[in-house]
Amino acid sequence: MKPSLFSPLRVGALSLASRIVMAPLTRNRALGGIPNAMMATYYKQRADPSRGAGLIISEGTPISPQGVGYADVPGLYRIEQIDGWKQVTQAVHAVGGKIVCQLWHVGRVSHELLQPNQAAPVAPSAIRAEARTYLVDAHGKGAFTATSAPRALHRYELPGIVHDFAAAARNAVQSARFDGVEIHAANGYLLDQFLKSGANQRTDDYGGSIENRCRLTLEVTRAVADAVGRGRVGIRLSPVTPANGIDEAKPQPLFDHLVRELASLGLAYVHVIEGATGGPRKVASRPFDYAALKAAYTQAGGRGAWMVNNGYDPTTAKQAVASGHADLVSFGKAFISMPDLAQRIRHGGPYQGLDQATMYGGGEQGYIDYPTL
Ligand code: 8OZ
């Protein structure tokens, strides 16, 4: 029988009740970078797999102070942050849910005011991102602001970044009790900056060839898999997104190579953003064959679940799973405005729209007050 959106699936070490995944969503409500009770409520509202998500991927979670690029995002490198996340995972598990933590280093998508000692953000090369970040002023008012000029990372700093990813993964699974982690290698952040030649002009063995540009992402993935077990690790990729000013002229051979290398690591899943993140599913200047990408992974022995994202609606999501295009589909904005999205899909609606004004920052409004059926 063909799988449906509502069929269970074993994903690495995790048993999921459905194929409906809540995508990672930055919400900027962790004051001072510490997860709070309001966040536990938000995730719990979406966690019951019979009505909400079969799997929740947390919002991007900085692995180190240097990895922070926005105000009020919840990190995972201080004891208070681990304790804050524990409340979240406990609330999710109490209703039978599953949650993995998205491990995030923003690289050049940051601002000096967010960095330790107000230093320049770090990047593969000293090339500024055509992007904006989100700052909060002394009065608590948030605003999008241009990113600061970055400095190029020294080669001797890279093992420290690999270490920070692995340490955060341990904090997530062993201390905060997440069911696993997702490595954020998408959307123009640090790992995507190393992958793509628009941001990576290095002349050492982390730049230039496809093999070299994939090196940091693969080192991070191996270290994280060693830290928490490969069955608890996923990775998120965005081959053609222009998010945060990132660009790659030849994405197909780059990502085909990357997923072939990932295939041998035995990960739980690969999560692919098709097209422009949160926008059009096609980027005219950057054609890409996602079926070929999946085939490259499978033919190289990849057995992880294949998760797709971006602009899916109930109809196209059902088709994606029934046709074998994907094993899992993640929904972002739909899960903000519909905590019981799975229930609504099962009943054919009604569907509830999103209030854009309350997406980033603020309090309970537009966060934990969306109604269920
Ligand atoms: C929107 C606003 C801030 C961050 C991503 C973590 O695009 C993000 C993000 C999205 O992956």
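The values are calculated or read from the model by the stated rules, or taken from the named source; none is laboratory data. Every value quoted in this text rests on a predicted model; they were computed, and no experiment measured them. Cβ placement follows ideal geometry from the backbone for every residue including glycine, while neighbour counts extend to all protein chains displayed. Ligands, DNA and RNA are stripped out before the accessible areas are found, and what is left, the full protein with its side chains, is counted by its heavy atoms. Shrake-Rupley method; radii C 1.70, N 1.55, O 1.52, S 1.80 Å.
About its Cα centre, the dipole of region 242-322 is roughly 160 debye, where the only charges are +1 on Lys and Arg Cβ and -1 on Asp and Glu Cβ. Counting only residues at least eight positions apart within a chain, or on another chain, the lysines with an alpha carbon under 22 Å from that of K196 are K250, K282, K294. Per-residue ellipticity at 222 nm from helix content only, as computed over the chain with -39500 (n - 2.57) for each DSSP H run of at least four residues, stands at -8500 deg cm²/dmol.
Could you compute the net charge surrounding M22? Neighbours are other residues with a C-beta less than 14 Å from the C-beta of M22; K and R count +1, D and E count -1.
Details: positive: R19, R27, K44, R46, R51, K98, R236, K333, R344; negative: D48, E59, D179, E182, D340.
Counting the neighbours of M22, the net charge comes to +4.
Accessible surface ranking for S18, S323, 1.4 angstrom probe, highest first: S323, S18. When Rg and Dmax are taken over the Cα atoms of region 169-269, they come to 13.7, 41 Å. Equivalent-ellipsoid semi-axes (√(5λ), Cα gyration tensor) for region 253-373, whole Å, largest first? Semi-axes from the Cα gyration tensor: 31, 16, 14 Å.
The calculated FRET efficiency for D226 paired with A13, based on their beta-carbon distance and R0 = 22 Å, is about 0.90. Listed by number, the DSSP H helices of the chain that run 20 Å or longer by alpha-carbon position along their axis and have mean Kyte hydropathy of at least 1.0 come to an empty list.
At full extension, S285 and A357 could sit 22.8 nm farther apart than now, given 0.36 nm per residue minus the alpha carbon distance.
Site pair R132 and N117 shows an inter-label distance of 3.1 nm when each label is modelled 7 Å from Cα along Cα→Cβ. Do any trypsin sites (Lys or Arg not before Pro) in region 118-226 lie in a DSSP loop with no more than 14 other beta carbon atoms within 10 Å, and if so, which? Answer by residue number: K141. Full extension of the chain between R177 and E211 gives 8.8 nm of extra length, using 0.36 nm per residue less the Cα-Cα distance. In region 9-358, taking the dipole from charged Cβ atoms about the Cα centre, the farthest positive-side position among S238, L218, G12 is held by G12. Under the convention that each Lys and Arg Cβ holds +1 and each Asp and Glu Cβ holds -1, the size of the dipole of the chain around its Cα centre is about 700 debye. If only the Cβ of Lys and Arg carry +1 and only the Cβ of Asp and Glu carry -1, the dipole of region 5-134 around its Cα centre is close to 380 debye.
Please return the longest stretch of the chain lacking exposed loop sites, where GluC sites (Glu not before Pro) count only if DSSP places them in a loop and at most 14 other Cβ atoms lie within 10 Å.
Answer from the scan: 131-363.
Give the residue list of trypsin sites (Lys or Arg not before Pro) in region 241-343 that are DSSP loop and have at most 11 other beta-carbon atoms within 10 angstrom. When the trypsin sites (Lys or Arg not before Pro) of region 241-343 are filtered for loop state and at most 11 Cβ neighbours within 10 Å, R303 remain. In terms of the Cα gyration tensor, with a ≥ b ≥ c the square roots of its eigenvalues, is region 9-358 rounded because a/c is under 1.5, prolate because a/b exceeds b/c, or oblate? Rounded, since a/c falls under 1.5. Counting only DSSP beta bridges with both residues in region 9-358, the antiparallel share comes to about 20 percent.
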